[in-house]
1. When the residues of region 61-71 are filtered to those that are under 16 Å from residue 47 (Cα atoms) and part of a helix (DSSP H, G or I), which remaining residue is nearest to the chain's Cα centre (by Cα)?
2. Quick test for you: out of 13, 9, pick the one residue that is in a loop (DSSP other than H, G, I, E, B) and modelled with pLDDT under 90.
3. Got a sec? Which of 92, 40 is in contact with a strand residue (DSSP E or B) (Cβ under 9 Å, 6 or more places away or on another chain), touching a residue at least 24 places away in the same chain (Cβ under 8 Å) and assigned to a loop (DSSP other than H, G, I, E, B)?
4. Taking residue 80 as meeting all but one of (1) farther than 24 Å from residue 17 by Cα; (2) without any contact (Cβ under 8 Å) to a residue 60 or more places away in the chain; (3) part of a helix (DSSP H, G or I), write down the number of the exception.
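The values are calculated or read from the model by the stated rules, or taken from the named source; none is laboratory data. For clarity, every value in this text was computed on a predicted model and none was experimentally measured. Ideal geometry is used to build each Cβ from the backbone, glycine not excepted, and the neighbour counts take in all protein chains shown.
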């Protein structure tokens, strides 16, 4: 087995640490949040409006998971009231770029079928 085969196979193992990150990224709201943040930093409510249909609770949970995974940065600015912005880390930028390509591919296919 080559190094590439071992790397590719590891995500299929039940206890693979990358599997949790993959689940958070590939979930419905993870994909949309990362794709939206690829456009730039957002405050929470602006991001919620951008990702139409997500509840406040689900967006908060999604952002917390993506922050834990090292994809999203939460920046609290000292102001009254406190101002919080979400943006992508370098790892998040890389992942979001790939997701945006996938989203565009799917949108193009759907447009062609219409």
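1. Step one: of region 61-71, the residues under 16 Å from residue 47 (Cα atoms) are 61-67, 71.
Checking which are part of a helix (DSSP H, G or I) leaves us with 61-67.
Details: 61: 12, 62: 8, 63: 8, 64: 11, 65: 9, 66: 6, 67: 9 Å.
By that ranking, first place goes to 66.
2. Working: 9 fails: in a loop (DSSP other than H, G, I, E, B).
Only one candidate qualifies: 13.
3. Numbers: 92 fails: assigned to a loop (DSSP other than H, G, I, E, B).
Only one candidate passes the filter, namely 40.
4. So the condition that residue 80 fails would be (3).
Yes/no matrix, rows are residues, columns are (1) in a helix (DSSP H, G or I); (2) over 24 Å from residue 105 (Cβ atoms); (3) touching a strand residue (DSSP E or B) at 6+ places or on another chain (Cβ under 8 Å); (4) at pLDDT below 90:
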{"residue": "1", "(1), (2), (3), (4)": "no, yes, no, yes"}
{"residue": "35", "(1), (2), (3), (4)": "yes, no, no, no"}
{"residue": "73", "(1), (2), (3), (4)": "no, yes, yes, no"}
{"residue": "76", "(1), (2), (3), (4)": "no, yes, yes, no"}
